[in-house]
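Report on the structure given below.
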Amino acid sequence: MAPATTLTKPPEGAVAPTGASRRRKRRPQMAGWAYAAPTALFVLIFFVTPVLLVGQMSISDWGLFAGNRGINAPENFTKVLDDRLFWPAVWFTVKYTVVTTVILIGLALGLAMLVQESSRWTGFLRTSFLVPSALGLASASLLFYALYSPQSTPLGFLGIDSFLGTPTAALWSTVALIVWRFAGFYMLLLLVGLQGISGDVYEAARLDGAGRWHTFRYVTLPLLKSSIALCTILCITGSMLAFDQFYILTKGGPDNSTVTIVQLVYNMAFFGQNNLGKAAALSILVLGALLVVNVIQFRGLREKES
Amino acid sequence: MRTRIFRGYRRAVASVAALGLIAGMAACGSSDDDQGGDAAAAVTATGTDDGSELTLWTRAPLELQANALVDAYNKTHKNQVKLTIVPNDDYVAKVGAAAGSGDLPDLFAADIVYVPNWTKSGLFADMTERIGLLPYADKINKGHIDAGTYEDKKYVLPFVLDLSVMFWNKELYKAAGLDPEKGPTTLDEFKTQALAVQKLNKPDTYGTFFGGNCGGCNVFTWFPMVWASGEEVMDPEGTKSLLDGPAAQKVYSTWRELQDAGAVDPGSKDETGATWVAAFQEGKIGVMPYPATLLKTAAETVDVGVTGIPGVSGGQSTFVGGDGIGISKDSKLSDQAWNFLSWLTSEDAQVGVLAANDSTVARSDLADNQYSAKDPRIALINKVAGEPQSKTPYAVNFQQAFNAPGSPWVTLLRNQVYGDAGALAGDNSAVTGVLGQ
């Protein structure tokens, strides 16, 4: 069977493409480029350029007020590593990311399964779980700040003296806010995945004598893998870039125990240090870490799928 | 075909050249019209009022005063000031971005503790000669003038003063058997009175409150306790912390004893500064250091007594905070901008606008005025502002050492109230380390 395409020389006698036919072939190519151009331009202006600028900043002595005073590589990177809050912030961000991701995905999956079947209360429950997602994160953080404030807290019945006054309390209080705010959103993503699983598969599993746990373990979870992977990627990325909730609830306290990486970037750039070069260097490190994490996740997903 | 393209190309080049010429002429024109041009215009005490439009930036906490000042100026002058209010948290970033691109407004205000850093960074134009022409120059608040002085040049005038004073709740004092007309005159009296209110055992009511996780709040309210005791918090250069002195230690031990006795509202421990005045305003706090600018607001719900912040064994002091204002390095209308600033320091603005809106005046010769005469509390606040022990601290790295979240000062004060009080020497060295960077 002749191959569909060949790299061998064309047979003798074949007519070589003329200039006119080359132009005809190039026309669809040009049209493709023309269609892609607006998006490409958008990406170039709003993604590539800022990243290049941050890259330039990260190797420059760039003060907030003083502007660019020339290249100083790799001083900004060494300064970042020497910052007294760098390693505590890295450790805290990783801890927060793991805790948040595990709780959020687990809870969201439970909620999705709870509201998967249509029943009398399904609509009400779905709406209730999703409503917090409609609130901005800053607004939600302010709402929780008031809820946690000992002067006004309606949560006093929980018997907790201080919701934000100790490192452990501050972490878990913030996790509670994030779970409340995002569980419904991830539930929705997982619900779409659940409803994409054919009923025939469950029917077959039932006929094979699979119980609820085995059906969940060997049917639902494997078929929901893509949705769970998407949620995990979103959750890890969001948690590694956490800022608003901690800025509003704890300002990094108590005793610098809740300083996240992005909060450290903010402090380096605008609050105190006024050093855009150092902040950009840390941003590049965060970008690199996110790329590594995402590549690992995508690769793992692809291997499992294959 | 080629000829047509070439002609089109030539036409485009000609158009661009013409536009460039027009733009150049316009630029020349604007240069000629720029009466504020420092090179040509003679410096006067009142500047130029020729109908120019001036731009002014300030941060949101000063919105009330800024609006009142701008409205009054625009009504009485040909120049018109266009005011931009920027959210507090965005202000430094906005000023930084504008400074980098040469787009600063004609006038902008800055938190007075950041002014030394900003003058050193060259964001303001030199006003030394202009300020010297004001007949009342020596009556303008010295703390703000000093904070805005860098290498013997003056860059900033007071915009709005914000002072810290001691507030107490007269109703709670009466209930606790204290004299409702007499606030604390020493740190020990402050402790005794707070404990007396605590002993009422009223639900959700406490002796006192402080921003336990807020560096700026305690700079504002604890530094005056040290100054009133005759000591300093930093060396004059602002590079060495002196927050381990005897008076400072007395301040910490007073708050720690109050905390241990349960007389500090538990909310203090988490307080980042967002709601640190709320509990007093709700009538739930006996006595606490408080921003004087909020007297009017607090008095809506509480019968408020006011006095200066006391030291260890007497004396009174206040942190002369608020914002300074200067002409930006990028302004092309510096003479017109100066017209606004010279008016700002006039009696019309200080008394007619600021005092009328219950704000503290920035001139000692205007401390007694028709508005302060009506309310002895305002007269007292104005008087305390002029006390020699009232200060505005000066340090180029002030923000990083004290106000920033997670600053070494926050670590120090939390250790002193909640944690390891023996860590003082190390914590003080950490503050010095940042100040000296």
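Would you please classify the overall shape of region B:238-377 from the alpha carbon gyration tensor, given that a ≥ b ≥ c denote the square roots of the eigenvalues, rounded means a/c under 1.5, and beyond that prolate means a/b larger than b/c while oblate covers the rest? In terms of gyration-tensor shape, prolate.
Taking 0.36 nm per residue of separation and subtracting the Cα-Cα distance, what length does fully extending A:Val51 through A:Asn72 add? Walk me through the numbers before you get to the answer.
Details: separation 21, 0.36 × 21 = 7.56 nm, distance 1.83 nm.
Separation in residues times 0.36 nm, less the Cα-Cα distance, equals 5.7 nm.
In plain terms, the C-alpha convex hull of region B:204-267 casts an average shadow of 4.8 nm² when viewed from every direction. Compute the whole-percent fraction of alpha carbon pairs in region A:232-282 spaced more than 18 Å apart. Tail fraction, whole percent: 34. Within chain B, which is the longest segment that contains none of the GluC sites (Glu not before Pro) sitting in a DSSP loop with at most 15 other Cβ atoms within 10 Å? In chain B, the maximal stretch lacking such sites is B:1-150. Direction-averaged shadow area of the convex hull around the Cα atoms of region A:185-294, nm²? For region A:185-294, the mean projected area of the Cα convex hull comes to 9.5 nm².
Under 20 Å of direct C-alpha separation, and excluding same-chain neighbours fewer than eight residues apart, B:Lys75 reaches these aspartates and glutamates: B:Asp49, B:Asp50, B:Glu53, B:Glu63, B:Asp106, B:Asp335, B:Glu347, B:Asp348. What angle do you read, to the nearest 10 degrees and between 0 and 90, between the alpha-carbon axis of helix B:63-76 and the longest principal axis of chain B? Result, in degrees: 50. Remark: region B:146-203 is approximated by an ellipsoid whose semi-axes, taken from the C-alpha gyration tensor as √(5λ), come to 40, 12, 9 Å, largest first. Peptide A:262-272 shows a mean partner chain C-beta count of 5 within 10 Å per residue C-beta.
Remind me, what semi-axes does chain A give for its equivalent ellipsoid, largest first in whole Å, using sqrt of 5 times each Cα gyration tensor eigenvalue? Mind showing how you got there, number by number?
Numbers: eigenvalues 369, 268, 59 Å².
Computed over chain A, the values are 43, 37, 17 Å.
Decide, for region B:59-181, between rounded, prolate and oblate: order the square roots of the alpha carbon gyration tensor eigenvalues as a ≥ b ≥ c, take rounded if a/c falls under 1.5, and otherwise choose prolate if a/b is larger than b/c, else oblate. Judged from the Cα gyration tensor, region B:59-181 comes out prolate (a/c at least 1.5, a/b above b/c).
With only alpha-carbon atoms in the gyration tensor, what are the semi-axes of the equivalent ellipsoid for the protein assembly as shown, in Å, largest first? Don't skip to the end; give the middle numbers.
Details: eigenvalues 572, 347, 104 Å².
They are 53, 42, 23 Å, listed largest first.
Applying the criteria of a DSSP loop state and at most 13 other Cβ atoms within 10 Å to the trypsin sites (Lys or Arg not before Pro) of region B:78-142 yields B:Lys78. In a simple Cβ point-charge model (Lys, Arg +1; Asp, Glu -1; nothing else charged), chain A has a dipole of about 1160 debye relative to its Cα centre.
Note on the protein assembly as shown: with charges restricted to the Cβ of Lys and Arg (+1) and Asp and Glu (-1), its dipole about the Cα centre is near 4100 debye.
Give me the percent of Cα-Cα pairs in region A:16-140 that sit more than 25 Å apart, rounded to a whole number. Intermediate values should be presented prior to the final figure.
Values: 5194 of 7750 pairs.
Tail of the P(r) past 25 Å holds 67 percent of the pairs.
For B:Lys174, the aspartates and glutamates whose Cα falls under 12 Å of its own Cα, not counting residues fewer than eight places away in the same chain, are B:Asp303. The value of relative contact order for region B:311-393, using C-alpha pairs under 8 Å at least six residues apart, is 40 percent.
With bins 5 Å wide beginning at 0, the percent of Cα pairs of region A:193-244 falling in each bin runs 4, 18, 22, 17, 11, 9, 8, 6, 3, 1, 0. Among the chymotrypsin sites (Phe, Trp or Tyr not before Pro) within region A:116-183, those in coil by DSSP and having at most 15 neighbouring Cβ atoms inside 10 Å are A:Trp121. Hydrophobic, long helices, defined as DSSP H runs whose alpha-carbon span along the helix axis is 30 Å or greater and whose mean Kyte-Doolittle value is at least 0.0, occur in chain A at A:86-114, A:167-195, A:276-305. In chain A, Cα pairs under 8 Å separated by at least six residues give a relative contact order of 27 percent.
Tell me the relative contact order for chain B as a rounded percent, counting alpha carbon contacts under 8 Å between residues six or more apart.
Details: 848 pairs, mean separation 106.0, N = 437.
Relative contact order, chain B: 24 percent.
Let me know the shape class of chain B, please: from the alpha-carbon gyration tensor, a ≥ b ≥ c as square roots of the eigenvalues, rounded when a/c is under 1.5, otherwise prolate if a/b is greater than b/c, or oblate.
Details: a/c = 2.33, a/b = 1.88, b/c = 1.24.
Prolate is the answer for chain B, as a/c is 1.5 or above and a/b outweighs b/c.
All C-alpha pair distances within region B:269-351, sorted into 10 Å bins from zero, spread as 13, 30, 27, 21, 10, 0 percent across the bins. Which parts of region B:313-343 would a label at B:Ile85 reach, counting a residue when its backbone N lies under 20 Å from a point 7 Å out along Cα-to-Cβ? From region B:313-343, the list is B:322-326.
Nearest 10 degrees, 0 to 90: what angle lies between the long axis of helix B:408-417 and the longest principal axis of chain B (Cα atoms)? That works out to roughly 10 degrees.
Of A:Leu109, B:Gln249, A:Ser173, which is farthest towards the positive pole of the protein assembly as shown's charge dipole, taken about the Cα centre with +1 and -1 on the beta-carbons of Lys, Arg and Asp, Glu respectively? After comparing all options, I get A:Leu109. Charges were assigned to the Cβ only: +1 to each Lys and Arg, -1 to each Asp and Glu. The resulting dipole of chain B about its Cα centre is roughly 1160 debye. How tilted is helix B:215-228 with respect to the longest principal axis of chain B? Cα atoms for both, answer in degrees (0 to 90, nearest 10). Value to nearest ten degrees: 60. Dipole of the protein assembly as shown computed with +1 at Lys/Arg Cβ and -1 at Asp/Glu Cβ about the Cα centre; of B:Tyr290, B:Ala110, A:Thr250, farthest Cα towards the positive end is A:Thr250. Here is the result for region B:234-330: no trypsin sites (Lys or Arg not before Pro) lie in DSSP coil with at most 10 other C-beta atoms within 10 angstrom of their C-beta.
Values in this text are rule-based calculations from the coordinates and carry no lab data. Computed from a predicted model, the values in this text were never measured in an experiment. Reconstructed Cβ throughout: ideal geometry from the backbone, glycine too, with neighbour counts over all protein chains shown.
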